[in-house]
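*Asks:* Just dropping this structure here.
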Amino acid sequence: MSINKKSLLVTALVLLLAWLANAQNTTWRAQWITAADCKNNANTWLACHKEIVIEKVPAHTVAKIAADSKYWLWVNGKQVVFEGNLKRGPNPSDTYYDEVDLTPYLKTGRNRFAVLVWYFGKDGFSHKSSGKAGLLFDCQTPYFSVLSDITWTCSVVKAYQTAGDPAPNYRLSESNILYDARLGDWQSAAFPDTAMAAAVELGQAGGAPWNKLILRPIPFWKNSGIKSYVNLRTSSSSNTDTLIGSLPYNAQVTPYLKVEAAAGQKIIICTDNYLFYNGGEANIRGEYITKNGVQEYENLSWLNGHKVYYIFPKGIKVLSVGYRETGYNAELAGSFTSSDPFFNLYWKKAQRTLYLTMRDGYMDCPDRERAQWTGDATNESGETFYALSTSSNRLSRKWLHELVDWQKADSTIYSPVPSGSWTTVLPDQSAASIGFYGLWNYYLNTGDKQTLADLYDGAKRYVEKWKLNDKGTIVMPKSGWIWGDWGDNRDLLVIYNSWYYLAVKGLQKMAVELGKTDDAAKYASIMGTFKNSFNQQFWNGAAYRDPAYTQETDDRAQSLAVVSGLAGEDKYPAILKVLQTEEHASPYLEKYVFEAMFMMGYETEGLMRFKKRFEKMVDNPQFTTLFEGWGISKEGFGGGTVNHAWSGGGLTVLSQYLCGIAPVEPGYETFHILPQPGPITKASAEIASVAGRIKTSFTNTAGLFTLKASVPPGTKVIIGLPGKNYRKITLNGATIWQDGKFIHNKNAKPFPDPAANRFEFKLGSGQWILEGKL
């Protein structure tokens, strides 16, 4: 080969690599398109397709795709994306888009691209409608381009209609789908060959009403494919047969059926969470009208529940039914076990409930609202670090960015967002989210300093909206939903002061990390004077109470004072008495009660209270998830859903305190394993941290405490045995402590903590067994 040919090849390779490296930043050339017959009505479905001839398939082909609101993509008859795009929007104006690798689906010769678009056409508590149905498809390569424009065909899919009442409640952007198969078969892998009209161009990428396009920050959904139910049973009446398919657990599913029927028969598809456990208001179902003969249908609007119900008219022959489970792309990577089966079952139900309330964003519940209430998200985010794989961190980052990016001009941070139909602030939940338990805890667990830097100023602006009175405590907010918690006996002024302090505490730590020394000093000073003022105003010698508050002493108020650091150790015995007698917190704030009792060193009492409060919920064999309130429906709060992740906060406490795993330095560069066993004789926990998998277990028997730890490479651990009465301590068989003295060991350094009731040592990575003999 000549030098010139080699040079040309090298140049071509360099150009191709440069193109690949900058593919994400390529200027959009496609046009937003829609159908000429589209009226932008709610629950409009569009079918768009394009055919091109490809002479050479590149090694890497990425399409940038956006839609309002969702889309499904096929290339050459093979499904590439199942429910693409995220609910709108990253902020009040803009729209998310996807990047999709098309390479495995392309071929030389004729290629067909088919996209089914679902336009919600309604605002809701998790979506802001643009007001126009549209698709944007932009694929640029060195050899060809596929760009949505008037050369595409696009038509409204008449088979997709809206079912009759009851409609989903106002919080949901999704409609109840009625699919009339007599008007076309749109469930096949490739769209029908009937002629469709030319698409109508609506404008360039970046233009109104979709505005700036923001790359999807979370993974595409996990997709199980069509699966069989665990079991099926039939229930009959005079006019219908109901086929009930049991799921292995409460899951996000799209039900499937294959039947032989005469045309015009209506089949209703729903779940037990629609029929019986709907949280007090109508949610989502599907309906299907048959064509003549054998036919298949999958209801593309996901539902959730433990059982799927197919209600058939008499005379339909059912050939097959099944379901597709989709959900956030994270693994159930964490685990917890102990000598008490109750806490093992609670932890598993909390993990399942958490996963079920994750999709486009965090959700309070996956049926009634699907809303990212930020107090719920604070608990959920904290649980993910112990229960799921690290891909869940991306959902926490998305939540925090949306929270700040939806901030109002007056600096108010509110939720749920994204939302087109809610603008009211819950000040306590907002303070929880941008402070110690929200943004700071995200950073501590991930080490994601860029997100901390990006969001710090917005968090600071919000906290500085809160004003202090002449007593040195907060002026109670005058606007918004002054909520505090579900239930009665809410000492709101004490609760809100504690959340304010936790917000300032988080900001102070953030300022230190970001090198904002003036801010750090200012917030440290505020915390010092505030703590004194808080105790002078609210501590009455037996409990924290607002002097103007006249109801029963609030367990929430005591607990938040403890976890925030406002309550000193001298107040712990009195607070314990309150927590042993007052039970007013909802499952949401019971997490902080549980945590407070561990922080005060009352593990046994904390475990007893937690079991008493959650026992009915956990021991209910009918559900794999945790409830919104202490019971179901009327026995619950806010409608009483059977799947509310805020009830899973105890999962965090069991892994973080009972088994003792928590980061000390951001990103788990240093972490600790400091178990607080209480009456538990045996426990183990495993987490998937950003630094690697961490495993620990302990056994606590008469005269011997054994603690095992697996410490990932590049990290250090502070590890400790509870209590200080050990006669001898060994590390991997070698004595490191005996008769009150440390014995030199190259692997361990004593880590003195005068305030701790335990022996602590600092170790590097590896497998360790620490044994303490009394």
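*Asks:* Please verify whether Ala199 is modelled with pLDDT under 95, open to solvent by less than 20 Å² (accessible area, probe 1.4 Å) and in contact with a strand residue (DSSP E or B) (Cβ under 7 Å, 6 or more places away or on another chain), treating the condition exactly as stated.
*Replies:* Details: modelled with pLDDT under 95: yes; open to solvent by less than 20 Å² (accessible area, probe 1.4 Å): yes; in contact with a strand residue (DSSP E or B) (Cβ under 7 Å, 6 or more places away or on another chain): yes.
Here the answer is yes, as Ala199 does meet what is asked.
*Asks:* Given the options Gly639, Gly601, name the one that is under 28 Å from Asn283 (Cβ atoms) and in contact (Cβ under 8 Å) with a residue 60 or more places away in the chain. Walk me through how you get there before you give the answer.
*Replies:* On the way: Gly601 fails: under 28 Å from Asn283 (Cβ atoms).
Going through Gly639, Gly601 in turn, just one is under 28 Å from Asn283 (Cβ atoms) and in contact (Cβ under 8 Å) with a residue 60 or more places away in the chain: Gly639.
*Asks:* Looking only at region 269-282, how many residues end up being assigned to a strand (DSSP E or B) and in contact with a helix residue (DSSP H, G or I) (Cβ under 8 Å, 6 or more places away or on another chain)?
*Replies:* 0
*Asks:* Kindly evaluate Asp519 against the criterion of being without any contact (Cβ under 8 Å) to a residue 40 or more places away in the chain and over 27 Å from the mean Cα position of the chain (by Cα). So that I can check it myself, show each step before the final result.
*Replies:* Details: without any contact (Cβ under 8 Å) to a residue 40 or more places away in the chain: no; over 27 Å from the mean Cα position of the chain (by Cα): yes.
Criteria not met by Asp519.
*Asks:* Just to check your reading of the model, which residue among Asp470, Asp410, Asp457 is open to solvent by 20 Å² or more (accessible area, probe 1.4 Å), among the acidic types (Asp, Glu) and assigned to a helix (DSSP H, G or I)?
*Replies:* Working: Asp470 fails: assigned to a helix (DSSP H, G or I); Asp410 fails: assigned to a helix (DSSP H, G or I).
One residue alone meets the criteria, Asp457.
*Asks:* Here's something else I'd like to know. Is there a residue in region 477-488 that is in a loop (DSSP other than H, G, I, E, B), among the β-branched types (Val, Ile, Thr), surrounded by fewer than 18 Cβ atoms within 10 Å (Cβ to Cβ) and over 21 Å from the mean Cα position of the chain (by Cα)?
*Replies:* Step one: list which residues in region 477-488 are in a loop (DSSP other than H, G, I, E, B), which gives 477-488.
Now narrow it down to the ones that are among the β-branched types (Val, Ile, Thr): 482.
Within this subset, residues satisfying the condition of being surrounded by fewer than 18 Cβ atoms within 10 Å (Cβ to Cβ) are 482.
Add one more test, that the residue is over 21 Å from the mean Cα position of the chain (by Cα), and what stays is 482.
Yes, there is a match, as at least one residue in region 477-488 is in a loop (DSSP other than H, G, I, E, B), among the β-branched types (Val, Ile, Thr), surrounded by fewer than 18 Cβ atoms within 10 Å (Cβ to Cβ) and over 21 Å from the mean Cα position of the chain (by Cα).
*Asks:* Okay, moving on. Taking region 746-758 only, how many residues are in contact (Cβ under 8 Å) with a residue 40 or more places away in the chain and loosely packed, with under 13 Cβ neighbours inside 10 Å?
*Replies:* Filtering region 746-758 for residues in contact (Cβ under 8 Å) with a residue 40 or more places away in the chain gives 756-758.
Of the ones still in play, those that are also loosely packed, with under 13 Cβ neighbours inside 10 Å are 757.
Residues that pass the stated criteria total 1.
*Asks:* Go through the residues of region 552-574 one by one and say whether even a single one is under 21 Å from Gly638 (Cβ atoms), open to solvent by less than 40 Å² (accessible area, probe 1.4 Å) and not in a helix (DSSP H, G or I).
*Replies:* Checking region 552-574: at least one residue is under 21 Å from Gly638 (Cβ atoms), open to solvent by less than 40 Å² (accessible area, probe 1.4 Å) and not in a helix (DSSP H, G or I).
*Asks:* For region 101-133, what are the residues that are closer than 30 Å to Glu55 by Cβ and in contact (Cβ under 8 Å) with a residue 60 or more places away in the chain? Walk me through it before giving the result.
*Replies:* Going through region 101-133, the residues closer than 30 Å to Glu55 by Cβ turn out to be 101-117.
Asn111, Arg112, Phe113, Ala114, Val115, Leu116, Val117 - these are the residues of region 101-133 that are closer than 30 Å to Glu55 by Cβ and in contact (Cβ under 8 Å) with a residue 60 or more places away in the chain.
*Asks:* Next question. Pull up region 575-601, narrow it to residues that are charged (D, E, K, R) and part of a loop (DSSP other than H, G, I, E, B), then point me to the one that is nearest to Leu654 (Cα to Cα).
*Replies:* Going residue by residue through region 575-601, those that are charged (D, E, K, R) are 577, 582-583, 590-591, 595.
Subset that is part of a loop (DSSP other than H, G, I, E, B): 582-583.
Numbers: Glu582: 22, Glu583: 20 Å.
The extreme case among them is Glu583.
Conditions tested, residue by residue: (1) part of a strand (DSSP E or B); (2) modelled with pLDDT under 95; (3) open to solvent by 40 Å² or more (accessible area, probe 1.4 Å); (4) not hydrophobic (A, V, I, L, M, F, W, C).
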position: Ile680; (1), (2), (3), (4): no, no, no, no
position: Ala683; (1), (2), (3), (4): yes, no, no, no
position: Ala688; (1), (2), (3), (4): yes, no, no, no
position: Lys695; (1), (2), (3), (4): yes, no, yes, yes
position: Thr699; (1), (2), (3), (4): yes, no, yes, yes
position: Ser710; (1), (2), (3), (4): yes, no, no, yes
position: Pro713; (1), (2), (3), (4): no, no, yes, yes
position: Ile718; (1), (2), (3), (4): yes, no, no, no
position: Glu760; (1), (2), (3), (4): yes, yes, no, yes
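*Asks:* Search region 175-196 for residues being of a type in the set (Gly, Ala, Ser) and assigned to a loop (DSSP other than H, G, I, E, B), and hand back the single one that is modelled with the highest pLDDT.
*Replies:* Within region 175-196, the subset of a type in the set (Gly, Ala, Ser) is 175, 181, 184, 188-190, 195.
From what's left, assigned to a loop (DSSP other than H, G, I, E, B): 175, 184, 188-190, 195.
Numbers: Ser175: 98, Gly184: 79, Ser188: 49, Ala189: 39, Ala190: 45, Ala195: 53.
Top of the filtered list is Ser175.
*Asks:* Please state which one of Leu86, Leu102, Leu106 is of a type in the set (A, V, I, L, M) and either more than 26 Å from Thr27 (Cβ to Cβ) or more than 30 Å from the chain's Cα centre (by Cα) (or both). Spell out how you get there, then give the answer.
*Replies:* On the way: Leu86 fails: either more than 26 Å from Thr27 (Cβ to Cβ) or more than 30 Å from the chain's Cα centre (by Cα) (or both); Leu102 fails: either more than 26 Å from Thr27 (Cβ to Cβ) or more than 30 Å from the chain's Cα centre (by Cα) (or both).
Result of the check over Leu86, Leu102, Leu106: Leu106.
*Asks:* Scan (1) among the polar types (S, T, N, Q); (2) part of a strand (DSSP E or B); (3) exposed (fewer than 14 other Cβ atoms within 10 Å of the Cβ) for the single condition Gln252 breaks and write down its number.
*Replies:* The number of the failed condition is (3).
*Asks:* When you look at Leu172, is it outside any helix (DSSP H, G or I), in contact with a Gly (Cβ under 6 Å, 6 or more places away or on another chain) and open to solvent by less than 40 Å² (accessible area, probe 1.4 Å), yes or no? So that I can check it myself, show each step before the final result.
*Replies:* On the way: outside any helix (DSSP H, G or I): yes; in contact with a Gly (Cβ under 6 Å, 6 or more places away or on another chain): yes; open to solvent by less than 40 Å² (accessible area, probe 1.4 Å): yes.
Yes, satisfied.
*Asks:* Just to verify a result, which residue in region 255-282, among those that are of a type in the set (Ser, Thr, Tyr) and closer than 20 Å to Lys227 by Cα, is surrounded by the fewest Cβ atoms within 10 Å (Cβ to Cβ)?
*Replies:* Tyr256
*Asks:* Next question. I'd like to check which strands (runs of 3 or more DSSP E) are fully inside region 283-397 and have at least 3 residues that are buried (at least 24 other Cβ atoms within 10 Å of the Cβ). Spell out how you get there, then give the answer.
*Replies:* Working: elements: 286-289, 293-298, 303-313, 317-327, 335-338.
Answer list for region 283-397: 303-313.
*Asks:* Inside region 45-86, can you point out the residues that are among the aliphatic types (A, V, I, L, M), touching a Ser or Thr at 6+ places or on another chain (Cβ under 7 Å) and under 14 Å from Leu135 (Cα atoms)?
*Replies:* Leu46, Ala47, Ala66
*Asks:* Follow-up. Run down Ala59, Ala36 and say which single residue is without any contact (Cβ under 8 Å) to a residue 60 or more places away in the chain and loosely packed, with under 14 Cβ neighbours inside 10 Å.
*Replies:* Ala59
*Asks:* Output yes when any residue across region 225-235 is under 30 Å from Glu99 (Cβ atoms), out of contact with any strand residue (DSSP E or B) (no Cβ under 8 Å at 6 or more places or on another chain) and not hydrophobic (A, V, I, L, M, F, W, C), and no when none is.
*Replies:* In the first step, residues of region 225-235 are kept if they are under 30 Å from Glu99 (Cβ atoms); the result is 225-227.
Going one step further and asking which of them are out of contact with any strand residue (DSSP E or B) (no Cβ under 8 Å at 6 or more places or on another chain), we end up with none.
Within region 225-235, not a single residue is under 30 Å from Glu99 (Cβ atoms), out of contact with any strand residue (DSSP E or B) (no Cβ under 8 Å at 6 or more places or on another chain) and not hydrophobic (A, V, I, L, M, F, W, C).
*Asks:* Moving on. Considering only residues that are in contact with a Ser or Thr (Cβ under 7 Å, 6 or more places away or on another chain) and surrounded by fewer than 22 Cβ atoms within 10 Å (Cβ to Cβ), which ones fall in region 598-639?
*Replies:* So the first thing to find is which residues in region 598-639 are in contact with a Ser or Thr (Cβ under 7 Å, 6 or more places away or on another chain), and the list is 625-629, 637.
The answer is Phe637, and nothing else.
*Asks:* Just one of the numbered conditions (1) hydrophobic (A, V, I, L, M, F, W, C); (2) more than 30 Å from Lys158 (Cα to Cα); (3) exposed (fewer than 14 other Cβ atoms within 10 Å of the Cβ); (4) modelled with pLDDT of 95 or more is not true of Val53; which one?
*Replies:* The one condition Val53 does not meet is (2).
*Asks:* Looking only at region 722-745, count how many residues are touching a Lys or Arg at 6+ places or on another chain (Cβ under 6 Å) and either under 27 Å from Gly334 (Cα atoms) or open to solvent by less than 10 Å² (accessible area, probe 1.4 Å) (or both).
*Replies:* Total meeting the criteria: 1.
*Asks:* Can you tell me which residues in region 534-551 are among the hydroxyl-bearing types (Ser, Thr, Tyr) and open to solvent by 30 Å² or more (accessible area, probe 1.4 Å)?
*Replies:* Within region 534-551, the first condition is being among the hydroxyl-bearing types (Ser, Thr, Tyr), and the residues that meet it are 544, 549-550.
Selection gives Thr550 alone.
*Asks:* Identify all residues within region 100-115 that are within 14 Å of Leu147 (Cα to Cα) and either hydroxyl-bearing (Ser, Thr, Tyr) or open to solvent by 30 Å² or more (accessible area, probe 1.4 Å) (or both); write none if there are none.
*Replies:* Arg112
*Asks:* If you don't mind, there's one more thing I want to ask. Can you find a residue that is part of a helix (DSSP H, G or I) and touching a Ser or Thr at 6+ places or on another chain (Cβ under 7 Å) anywhere in region 506-528?
*Replies:* Taking region 506-528 and keeping what is part of a helix (DSSP H, G or I), we get 506-513, 517-528.
Next, only the ones that are touching a Ser or Thr at 6+ places or on another chain (Cβ under 7 Å) stay: none.
Looking for residues that are part of a helix (DSSP H, G or I) and touching a Ser or Thr at 6+ places or on another chain (Cβ under 7 Å), one finds none in region 506-528, hence no.
*Asks:* Tell me, which residue of region 640-655 that is in contact with a Leu (Cβ under 6 Å, 6 or more places away or on another chain) and of a type in the set (Gly, Ala, Ser) is nearest to Tyr274 (Cα to Cα)? Walk me through how you get there before you give the answer.
*Replies:* Taking region 640-655 and keeping what is in contact with a Leu (Cβ under 6 Å, 6 or more places away or on another chain), we get 643, 645, 647-648.
Add one more test, that the residue is of a type in the set (Gly, Ala, Ser), and what stays is 645, 647-648.
Numbers: Ala645: 19, Ser647: 21, Gly648: 23 Å.
Restricting to residues being in contact with a Leu (Cβ under 6 Å, 6 or more places away or on another chain) and of a type in the set (Gly, Ala, Ser), the top hit is Ala645.
The values are calculated or read from the model by the stated rules, or taken from the named source; none is laboratory data. Fair warning: this is a prediction, and the values are worked out from it, not measured in the lab. Every residue, glycine as well, gets a Cβ built from its backbone with ideal geometry; the counts of neighbours run over all protein chains shown. For the accessible areas, the whole protein counts, side chains as well, though only heavy atoms, and no ligand, DNA or RNA atoms are used. Shrake-Rupley method; radii C 1.70, N 1.55, O 1.52, S 1.80 Å.
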